[in-house]
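Following: one structure in structure tokens, then a few remarks.
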Amino acid sequence: MTDKQANAMWGGRFSKGVDAIMEAINASIDYDKRLAAQDIEGSRAHAAMLAAQGILTDNEAAAIREGLLTVLSEIEAGEFQFSKALEDIHMNVESRLKEIIGEPAGRLHTARSRNDQVATDFRLWVREQHDAAIEGLQALIRTLLDQAEAGAGWVMPGFTHLQTAQPVTWGHHMMAYVEMFARDIGRFTDARTRMNESPLGAAALAGTGFNIDRHMTAEALGFDRPMANSLDAVSDRDFALEFLTSASICAMHLSRLSEELVIWSSAQFRFVTMSDSFSTGSSIMPQKKNPDAAELIRAKIGRVLGATVALFTVMKGLPLAYAKDTQEDKEQVFDAADTLMLSLAAMTGMIADLTANPDALEAAAASGFSTATDLADWLVREANLPFRDAHHATGALVAMAETKGCDLADLSLDEMQSVNAQITEGVYDVLTVQASVASRMSYGGTAPARVREQIAAWRARLG
């Protein structure tokens, strides 16, 4: 296509050819061709509405809608020739439609602008990404539930500051991530509901003088309603920002879980064994089995959060209504969506193939005086000590055990009573890690019975 032909798509305002540098910076077809299906879906709905309103004849609308299906089939088959001179997916589709059906193609753009067209296409695409993220998160949650169910009674150390704190169960730890990822589902669901309004028909910025039916096109495209303000409709990118912020939080959760998998799979921990499918070897050290998939997911937050910051920066100073700056929205969102979906799929595969080591988990749970809080609680319940006094007495017993190089349960009763005379043989019943986790029966606690209740509740919720 020549510069003159490209200018013809804009109209008669420009007489000179397009500079090559201007063409390069102005064109978006290299990436917004991903919106082809959405662009054609929106155009077909628009043509049907124009016919229903008597703005197009039925024959013109039918030709347009059939021609658009031909264009879509060419794109899907890889036969479509995209032109950078035509700038974007909208002009590429319209130009090809004119080649196929002739003059009626020029009537398709009646009562709309590329401003509301791209806003509609992009909303449709982002809406699909919300749905895909929700589906991916549900799959991940199901694999976490399987892990939790298998290890509802396996005891492991719970950590604060990455130091042994109190015993918990493997199932309880897995269920913590279920809660995190469920909140991610909530964010994507909430944002999807808020974004589900149609910009189509807002035209360039002020609406149109044609007697269009925006409710008809909104319904045809699965939107709940048309957007109520034409200025806002063409300039808003909150829907993309909300997707990116939800994706950033989700990627952060994936990164946290990845970090734990990296630590747990190390020779120093041996809590889990990663499957060969999600590990790699070393080019020089034959014994190595590296958790590369987990490490890569751990790093992906950088790309997703970077896209979020980039789009916030694009939008922060834009006056109403449309500005070409918003052409910089799509690459960020495309990359973030691709990154998130790949990370979700990889994490789901890793968790599904993960093998925990219950013996190593329990051995680690018993280290570091993890039942000290249970001892303090016993002194409160059985010896009627104020908790601060019980805390002090327990600290003294921990110091004694540390000096002797033994666990709390290995101290003799005489040694215990040298710190507090009210301690009886009954204290030893609470100094095992199994007894510790079994006692944590408060709602949300780590007791196996509570964990199994939560698993059942989540399975019922997911259906």
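The values are calculated or read from the model by the stated rules, or taken from the named source; none is laboratory data. Everything numeric here is computed off the predicted structure, so don't read it as measured data. Virtual Cβ from ideal backbone geometry, glycine too; neighbours counted across all protein chains shown. Remember, those area values only see protein heavy atoms, side chains included, never the ligands or the DNA or RNA. Shrake-Rupley method; radii C 1.70, N 1.55, O 1.52, S 1.80 Å.
Quick notes
- Every pair of residues 6+ apart whose Cβ atoms lie under 7 Å, when the first sits in region 285-299 and is loosely packed, with under 14 Cβ neighbours inside 10 Å while the second is modelled with pLDDT under 95: LYS288/GLY281; LYS288/SER282
- Candidate set: region 417-434, residues that are part of a helix (DSSP H, G or I), modelled with pLDDT of 90 or more and among the hydrophobic types (A, V, I, L, M, F, W, C); chosen: the one least open to solvent (accessible area, probe 1.4 Å): VAL433
- Of the criteria (1) within 16 Å of the chain's Cα centre (by Cα); (2) surrounded by fewer than 16 Cβ atoms within 10 Å (Cβ to Cβ); (3) β-branched (Val, Ile, Thr), which one THR355 fails: (1)
- Output for region 1-49, where each listed residue is modelled with pLDDT under 90, buried (at least 17 other Cβ atoms within 10 Å of the Cβ), assigned to a helix (DSSP H, G or I) and of a type in the set (S, T, N, Q): ASN7
- With respect to the conditions (1) open to solvent by 60 Å² or more (accessible area, probe 1.4 Å); (2) under 20 Å from THR143 (Cβ atoms); (3) without any contact (Cβ under 8 Å) to a residue 24 or more places away in the chain, GLU259 lacks only one, and its number is (3).
Each row is one residue, and each column tells you yes or no for (1) among the small types (Gly, Ala, Ser); (2) in contact with a Leu (Cβ under 9 Å, 6 or more places away or on another chain); (3) without any contact (Cβ under 8 Å) to a residue 40 or more places away in the chain.
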site	(1), (2), (3)
THR160	no, no, yes
GLN166	no, no, no
ASP184	no, yes, no
SER198	yes, yes, no
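- Qualifying residue in region 384-397 (condition: in contact with a strand residue (DSSP E or B) (Cβ under 6 Å, 6 or more places away or on another chain) and open to solvent by 20 Å² or more (accessible area, probe 1.4 Å)): no
- Taken over region 239-271, the residue count meeting the criterion of being part of a helix (DSSP H, G or I), among the hydroxyl-bearing types (Ser, Thr, Tyr) and over 13 Å from the mean Cα position of the chain (by Cα) is 1.
- Every pair of residues 6+ apart whose Cβ atoms lie under 9 Å, when the first sits in region 448-461 and is basic (Lys, Arg) while the second is assigned to a helix (DSSP H, G or I) and at pLDDT 95 or above: ARG450/HIS172; ARG452/ALA148; ARG452/GLU149; ARG452/GLY171; ARG459/ARG142; ARG459/LEU145; ARG459/GLU149; ARG461/ALA182
- Tally of residues being open to solvent by 50 Å² or more (accessible area, probe 1.4 Å), part of a helix (DSSP H, G or I) and closer than 25 Å to GLY207 by Cβ across region 309-350: 2
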